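What follows is a short report on a single structure.
The values are calculated or read from the model by the stated rules, or taken from the named source; none is laboratory data. If you're wondering where the values come from, they're calculated on a predicted model, not measured in any experiment. For neighbour counting, all protein chains shown are included, and Cβ atoms are generated from backbone atoms with ideal geometry for every residue, glycine included.
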Protein chains: 2
Amino acid sequence: MPARLRVLIVDSPGKHPLYRITREQWRAACARHPAPARRVAARIVRDGPALAPALARAEAVIGVPARRDELCAGAPRLRWLHHTSAGVDGLVPLDWLPRGVAFTNNSGAHGAKAEEYLRMAYTMLNCRMPRIIADQHARRWRQVFSPGLAGQSALIVGLGDLGKAAARAARELGMTVTGVNRSGRRVPEADAVHPVARLDALLPRADYVVLATPLTAATRRIIDRRRLAHMKRGACLINIARAGVLDAAALSAALARGRLGGAMLDVVEPEPLPRSSPLWRTPNLVITPHVSCDDSERYSDITLDLWFANLERFLADRALKHRVDPRKGY
Amino acid sequence: MPARLRVLIVDSPGKHPLYRITREQWRAACARHPAPARRVAARIVRDGPALAPALARAEAVIGVPARRDELCAGAPRLRWLHHTSAGVDGLVPLDWLPRGVAFTNNSGAHGAKAEEYLRMAYTMLNCRMPRIIADQHARRWRQVFSPGLAGQSALIVGLGDLGKAAARAARELGMTVTGVNRSGRRVPEADAVHPVARLDALLPRADYVVLATPLTAATRRIIDRRRLAHMKRGACLINIARAGVLDAAALSAALARGRLGGAMLDVVEPEPLPRSSPLWRTPNLVITPHVSCDDSERYSDITLDLWFANLERFLADRALKHRVDPRKGY
């Protein structure tokens, strides 16, 4: 029998508890995946000074340590590093990543919860909830009727885990779904997919535009003032990606002018958003505090299920899924 | 060829335009239902003094006139009266209804829109949007995470058009669905149905309680202070029925104490709700202005499609659907 793979789970005390992996969650995941679990020996170690000896022996690490610049020298046996978030934009440039180490992200951990958030976002914006909320605050009972969502159109920018969830939610509501990605390669969740170069031509046709793309050099401010002006009058925008993909000040101006019908932002810059930000009071804008995609009860379980599925590939010397491509930046 | 059935469409200028049937909508409905349409001759007449001569000749009437007490004397040929709302609680007692006249309501016109509203309500309450909305108003960025809805439980009180819509929306979100109606007779939209006598035993098990019952003597305040106290700690309540089925003051107190997690009311008493009502500022309560179930673009089209389907039954001397039973009060 070969030696067990030494796995280190980095516990970051600063993170919200939902992102931390407990011993009980690890054991439960091993019980769900008994065959690969027999081939690993895992430890959970708090990030900080105690991490160094564990890192020195680790072959696989779950969670990027705060001092990631020390991985090259301090983790000589490391072959696989898993990031427990989907976005790696906070870790670029990836020059700290030791050569030859497979780096995977947590794509797939957010789809189910994101799908629920998107159902909420489409229905709230269609129902003109931002205005109804403002009326409630002003203690003003004023009927605002709305059509059904069936037959309306959603344009999804980015078709990864989140974008597919946004497409599924739109389909369930009877909307037509157009997607945009780098290549234009089709996905079953969308009625049509176009390469990102076609974005300008697609924006005027969409009732809902959803931003679900990783933040990279290519997507920074992909929706800027010019492209907001391409959107259909009264259309709505939803951002569940990263704040950097959108010019939020230009969005705010378009909402204040009534040019757009409404927007929902789960990501803002900076987070926490300071009290002084004018975004808080932008009309027809709903801000949620970066909670759209993370299941408060199941996040770590889902993360470990994804990791174990990849572990089977790792142990069989097959290519890992959700490997980050340093050139693409996601 | 028999004489055409004389149909009178009562146009009530005081109503919101979405409820009024235009000549164009009537013509379009006739085009969708050409066979029965050939057998009727319809007029649209404004409610008021001009109505009397039209009523005197009408055999079928769409829309209850304001002076419904004059129907007995003034509409001697009337055989079928159709109400363009689902609820007849505003028209009881039905002693004004001429003997022998079939009285139908608009059940079926609200399901599709209600289903969207319920998807919004479940996801908003689960996502703790009332708290997030309050935080936004206070310009406070504070993360509030939430679990998925899958596996949570919905209890639907009333299983007509609205209740079935509430059940479908819950199912689509992966929830388990228990229904309550008078008889306990099963409907395919719910996993289980119980007679209303079992309500006390069912309330403690539900994460979401949805009120979707007609307002009758039997359902007035069906959810009162005592039954609110039976609900699970942290559970949520949604009312899309009529304000009278709920003790809103007791709900408000339960929300203020944190005993319940949240609520969404589309119906309040009175409507419009006055500025002085304490409901406006009840924590974790969202008030929508009686807009949950009426499609702003298709309401009259749906109404006419339902009416034409019943017209085929009427012309064939078959029993009409959605006939109001004066004894039940709906």
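Just a few scattered comments:
- Residue that is farthest from the chain's Cα centre (by Cα) [pool: residues in region A:190-219 that are surrounded by 14 or more Cβ atoms within 10 Å (Cβ to Cβ), under 24 Å from A:Val267 (Cα atoms) and not hydrophobic (A, V, I, L, M, F, W, C)]: A:Asp207
- Test: residue in region A:125-143 that is assigned by TED's automatic domain parsing to the domain that holds A:Val267, buried (at least 18 other Cβ atoms within 10 Å of the Cβ), in contact with an Asp or Glu (Cβ under 9 Å, 6 or more places away or on another chain) and free of Cβ contacts under 8 Å to residues at least 24 places away in the same chain: yes
- Cβ separations smaller than 7 Å between residues 6+ apart or across chains give the following pairs from region A:277-288 residues that are free of Cβ contacts under 8 Å to residues at least 40 places away in the same chain to residues that are of a type in the set (Gly, Ala, Ser): A:Pro278/A:Ser252; A:Leu279/A:Ala248; A:Leu279/A:Ser252; A:Thr282/A:Ser252; A:Thr282/A:Ala256.
- When the residues of region A:275-296 are filtered to those that are surrounded by fewer than 17 Cβ atoms within 10 Å (Cβ to Cβ) and among the charged types (D, E, K, R), the one that is farthest from A:Val210 (Cα to Cα) is A:Arg275.
- Residues that are touching a strand residue (DSSP E or B) at 6+ places or on another chain (Cβ under 8 Å) and facing chain A (nearest Cβ under 7 Å) within region B:116-131 comprise B:Met124, B:Cys127, listed in sequence order.
- Inter-residue pairs, beta-carbon under 7 Å, first under 22 Å from B:Leu215 (Cα atoms) and in region B:305-330, second exposed (fewer than 13 other Cβ atoms within 10 Å of the Cβ), 6+ apart: B:Gly329/B:Ala217
- A:Ser153 vs. criteria under 24 Å from the mean Cα position of the chain (by Cα) and either facing another protein chain (nearest Cβ under 7 Å) or more than 25 Å from B:Thr282 (Cβ to Cβ) (or both): yes
- Pair list, Cβ < 7 Å and 6+ apart or interchain, from region A:217-242 residues that are hydroxyl-bearing (Ser, Thr, Tyr) to residues that are buried (at least 22 other Cβ atoms within 10 Å of the Cβ) and not in a loop (DSSP other than H, G, I, E, B): A:Thr219/A:Val245
- So A:Val267, is it in contact with a Leu (Cβ under 9 Å, 6 or more places away or on another chain), in contact (Cβ under 8 Å) with a residue 40 or more places away in the chain and surrounded by 20 or more Cβ atoms within 10 Å (Cβ to Cβ): no
- Residue within region A:297-320 that is closer than 16 Å to A:Leu18 by Cβ, facing another protein chain (nearest Cβ under 10 Å) and surrounded by fewer than 16 Cβ atoms within 10 Å (Cβ to Cβ) present: yes
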